[in-house]
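Take a look at the structure set out below.
The values are calculated or read from the model by the stated rules, or taken from the named source; none is laboratory data. Being a predicted model, the structure only gives us computed values, none of them experimental. In this analysis, Cβ positions are derived from the backbone assuming ideal geometry, glycine residues included, and neighbour counts consider all displayed protein chains.
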Amino acid sequence: MHVAIVTAGGAGMFCGSCMHDNTWARALRDAGIQVTLIPTYTPIRVDEENLSSRRVFFGGINVYLEHKSRIWRALPRWMTGWANHPGFIRLVTRFAVSNDAAELGDLTLDMLDGELGSQRRDVEDLVSFIADDLKPDVVCFSNVLLAGAVRSLRQKYSGTIVCTLQGDDIFLDGLSNRHRRAAIDRISQRVSDFDGFLVHSDYYRDHMSRMLSIPVEKFSRIPLGIDFSPFVTRSWNTDSPPTDNQRPDIAPPTTATEFRIGYFARVCPEKGLHLLVDAVRKIRVTCPNVKLVAGGYLGSRDRDYFERVRQAAGDLGAAFEYVGSPAEQSDKIAFLQSLDVLSVPAPYREPKGIYILEAMACGIPVVQPAHGAYPEMLSATGGGLLFRPGDSDDLASKLTSLMIDSTRRIELATQGAAMVRRKYSLEAMTNSTLSAFEAFRHNSTEATPPGTADRETP
């Protein structure tokens, strides 16, 4: 079987979706599946082996110019193709590029118009590459904002076409009301062009089914998958010898020493660092040994937000530290292992939350809001506690309980580390993926009207 995954680069940042797409591609490859990972907008940035192809489709600079300039659209392809070169895109995105939904309303609608819009040539390029050159058995688009290309692809390609939904709503919700309504309407009109949709939680299935008018039966849930081989679980119990994946050299914290509460996610309002700062301030009234250490990507869009958070945390002094975005996976793991508990108190209803799984893989318990995908993740792993969303008092209470009750903290850490490896392994993700692809292919074949050609099968 040959699977083509069309992913979306994050404009130079570590993007959870494209990072997971890369891990997903590697897991399928290691299982004997031929995989082509096709980047769009920008090259992807990952902290592991990059499996994406060099050629970028719908290059962000070219897409913008085609949207804005009739002259650019009229130029022959040999005169404009340089704008899709990965090196040029990387250079430009270092200085001036926006992925802020509020600024991209008209361009989003243009993209969703597909073959009818100003991106027609880019649609043709991608369709030709997939249908004529690759000829895969399955094509998976990593987000529904690429739906504009699917109708043209359907006309030339007889295989299975699916879409992974993994955060599309946050972009759509960031559009103006006019653009949001128009975008949702365009996407809903193209839902039937897909054979099925993949999600990572029941919550997101139900949410996106309502938002985009997608029948629930067109969804299949697959677990997130993590390569656990680099992750070492922190050893909390010093009374017994360390087991596999444990580090005996890290001593368990006590309330007499510094207690490190960590945050690791993109620094933006949707992830809720401001709520965690407020909770830590409340905890320090009675427990002054607490320190908040935050890590994660900070983009230009959110620098004003972070400055407000930093100013609000001014009274914490050295008890608040931002360590930036780790450049290497080993640095990220070392950061997580240095914590006593992690919390990303997102007001946004998160559909994934890979950072939660990574923390648990390191033997770190988590405290998360009781909405989005978090309740399902903690129910599956038992690796943490839930608090009332948006309630910094309840967040502070849950964090304090884990600081005081070391036995409970160790129980959550131990169970989470074991269960996350069982429920969110690369093998589990791969098996679920192949089962979903087979079901989508079967359903599309069953739905083929009499007299029409059946789809090719691998």
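Brief remarks follow.
- A380 passes every criterion in (1) in contact with a helix residue (DSSP H, G or I) (Cβ under 7 Å, 6 or more places away or on another chain); (2) buried (at least 18 other Cβ atoms within 10 Å of the Cβ) apart from (2).
- Restricted to region 94-114, and to residues there that are crowded, with 18+ Cβ neighbours inside 10 Å and more than 23 Å from the chain's Cα centre (by Cα), the residue that is modelled with the highest pLDDT is D110.
- Some residue of region 140-156 being among the aromatic types (F, W, Y) and within 21 Å of D110 (Cα to Cα): yes
- Test: residue in region 249-258 that is assigned by TED's automatic domain parsing to the domain that holds G295, modelled with pLDDT of 90 or more and farther than 19 Å from M419 by Cβ: yes
- Matching residues, region 197-224, being within 23 Å of A428 (Cβ to Cβ) and part of a loop (DSSP other than H, G, I, E, B): H200, S201, I222, P223, L224
- Failed item in (1) within 30 Å of T286 (Cβ to Cβ); (2) assigned to a helix (DSSP H, G or I); (3) touching a Phe, Trp or Tyr at 6+ places or on another chain (Cβ under 9 Å), with R421 passing the rest: (1)
- Residue ID - farthest from the chain's Cα centre (by Cα), chosen from residues in region 397-414 that are under 12 Å from I364 (Cα atoms) and among the β-branched types (V, I, T): I410
- Meets criteria (under 22 Å from the mean Cα position of the chain (by Cα) and more than 20 Å from S118 (Cα to Cα)) for I214: yes
- When G272 is tested against (1) of a type in the set (G, A, S); (2) more than 19 Å from the chain's Cα centre (by Cα); (3) on the phi > 0 side of the Ramachandran plot, just one condition goes unmet, and that condition is (2).
- When residues in region 268-285 are screened for being touching a residue at least 60 places away in the same chain (Cβ under 8 Å) and either of a type outside the set (A, V, I, L, M, F, W, C) or surrounded by fewer than 18 Cβ atoms within 10 Å (Cβ to Cβ) (or both), 6 of them pass.
- Residues satisfying the stated conditions in region 314-347, i.e. within 24 Å of G416 (Cβ to Cβ) and outside any loop (DSSP other than H, G, I, E, B): Q329, S330, D331, K332, I333, A334, F335, L336, Q337, V341, L342
- S213 of a type in the set (S, T, Y), surrounded by fewer than 17 Cβ atoms within 10 Å (Cβ to Cβ) and on the phi < 0 side of the Ramachandran plot: no
- Of the criteria (1) among the charged types (D, E, K, R); (2) on the phi > 0 side of the Ramachandran plot; (3) under 24 Å from the mean Cα position of the chain (by Cα), which one R180 fails: (2)
- Top-ranked residue of region 377-411 - restricted to ones that are of a type in the set (D, E, K, R) and free of Cβ contacts under 8 Å to residues at least 12 places away in the same chain, ranked as farthest from G353 (Cα to Cα): D405
Quick grid of which residues meet (1) assigned by TED's automatic domain parsing to the domain that holds S158; (2) surrounded by 15 or more Cβ atoms within 10 Å (Cβ to Cβ):
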residue: P375; (1), (2): no, yes
residue: L386; (1), (2): no, yes
residue: D393; (1), (2): no, no
residue: A417; (1), (2): no, yes
residue: S432; (1), (2): yes, yes
residue: S435; (1), (2): yes, no
residue: E438; (1), (2): yes, yes
